[in-house]
Amino acid sequence: MDCIFCRIVAGEIPSHKVYEDDATFAFLDIYPAARGHTLVIPKAHTTDLLSAAPEALEAAVRTSQTVARILHNVLQAHGISIVQNNGRAAGQDVFHYHVHVIPRWEGDKAVRSWRPGETDHGVLGALAAELRAGGGT
Ligand code: 5GP
Ligand code: ZN
């Protein structure tokens, strides 16, 4: 399979490992938003949040916590942003599921957020009902 992150797991492309266990691999992002910006991936190829097995997601979240603690302890990060993009529309560029673990310091602007929109309880109530009817599957 022509997947750049699978090739990193296989050692065919060099990377800078931060942490590894049986199910996951964590390595420094090559275009970091901040010093210590780490990517956490399941070793087994899976494309995105929608298609991933729950076990792969659990393992990735556990490793994200481990990496967050490393960044907190070693780099004295004040905070941690988790970014996780799914689909081209969301900015996913590499189609092997990955979690960005980004250390944050007071006053940095390392991660851009959304602009808060406006709505009201009537609209939210109808929307939430529509989403609940979708059944969560
Ligand atoms: P996405 O936009 O898919 O959420 O994030 C993909 C990330 O992978 C980007 O932050 C990009 O810098 C990183 N990336 C892409 N290719 C490589 C690579 O070959 N090595 C490493 N370490 N990171 C990569
Ligand atoms: Zn892959």
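Identify all residues within region 27-42 that are part of a loop (DSSP other than H, G, I, E, B) and near ligand 1 (Cβ under 6 Å from one of its atoms); write none if there are none.
Those that are part of a loop (DSSP other than H, G, I, E, B) and near ligand 1 (Cβ under 6 Å from one of its atoms): ASP29, ILE30, TYR31.
The conditions are (1) modelled with pLDDT of 95 or more; (2) within 16 Å of ligand 1 (Cβ to nearest atom); (3) out of contact with any Leu (no Cβ under 6 Å at 6 or more places or on another chain); (4) not charged (D, E, K, R), and ASN86 fails exactly one of them. Which is it?
(3) is the only condition that ASN86 fails.
Output the number of residues of region 30-60 satisfying the condition of being away from ligand 2 (no atom under 16 Å from the Cβ) and either within 11 Å of HIS98 (Cα to Cα) or modelled with pLDDT under 95 (or both).
Summing the residues that are away from ligand 2 (no atom under 16 Å from the Cβ) and either within 11 Å of HIS98 (Cα to Cα) or modelled with pLDDT under 95 (or both) in region 30-60 gives 1.
What are the pairs with Cβ atoms under 6 angstrom where one residue, in region 96-120, is within 18 Å of LEU49 (Cβ to Cβ) and the other, located anywhere, is acidic (Asp, Glu)? Sequence gap at least six, or different chains.
Pairs found: TYR97/ASP48.
With the requirement that a residue be within 15 Å of ligand 2 (Cβ to nearest atom) and either surrounded by 18 or more Cβ atoms within 10 Å (Cβ to Cβ) or of a type in the set (D, E, K, R) (or both), what does region 81-108 give you?
Matches in region 81-108: ASP93, HIS96, TYR97, HIS98, VAL99.
Is there a residue being within 30 Å of CYS3 (Cα to Cα), within 16 Å of ligand 1 (Cβ to nearest atom) and of a type in the set (D, E, K, R) anywhere in region 56-72?
No, region 56-72 has no match at all.
For region 4-26, name all the residues that are small (Gly, Ala, Ser) and near ligand 1 (Cβ under 8 Å from one of its atoms). Break it down stepwise before answering.
Residues of region 4-26 that are small (Gly, Ala, Ser), as a first pass: 10-11, 15, 23, 26.
Hit for region 4-26 is SER15, nothing else.
Output the qualifying pairs, or none if there are none: Cβ atoms under 7 angstrom, residues six or more apart or on different chains, first residue in region 1-13 and within 7 Å of ligand 2 (Cβ to nearest atom), second residue assigned to a loop (DSSP other than H, G, I, E, B).
Matching pairs, first to second residue: MET1/HIS45; CYS3/HIS45; CYS3/HIS96; PHE5/VAL94; PHE5/HIS96; PHE5/HIS98; CYS6/HIS45; CYS6/HIS96.
Taking GLU106, is it modelled with pLDDT of 95 or more, among the charged types (D, E, K, R) and touching a strand residue (DSSP E or B) at 6+ places or on another chain (Cβ under 9 Å)? Step through it out loud before you land on a result.
Numbers: modelled with pLDDT of 95 or more: yes; among the charged types (D, E, K, R): yes; touching a strand residue (DSSP E or B) at 6+ places or on another chain (Cβ under 9 Å): yes.
It is true that GLU106 is modelled with pLDDT of 95 or more, among the charged types (D, E, K, R) and touching a strand residue (DSSP E or B) at 6+ places or on another chain (Cβ under 9 Å).
Which members of region 54-66 meet the condition of being farther than 20 Å from ARG88 by Cα and of a type outside the set (D, E, K, R)? Outline the logic, then answer.
Here is the first cut: in region 54-66, the ones farther than 20 Å from ARG88 by Cα are 54-56, 58-66.
Listed by number, the residues that qualify are PRO54, ALA56, ALA59, ALA60, VAL61, THR63, SER64, GLN65, THR66.
The values are calculated or read from the model by the stated rules, or taken from the named source; none is laboratory data. Because the structure is a prediction, the values reported are computed rather than measured. Every residue, glycine as well, gets a Cβ built from its backbone with ideal geometry; the counts of neighbours run over all protein chains shown.
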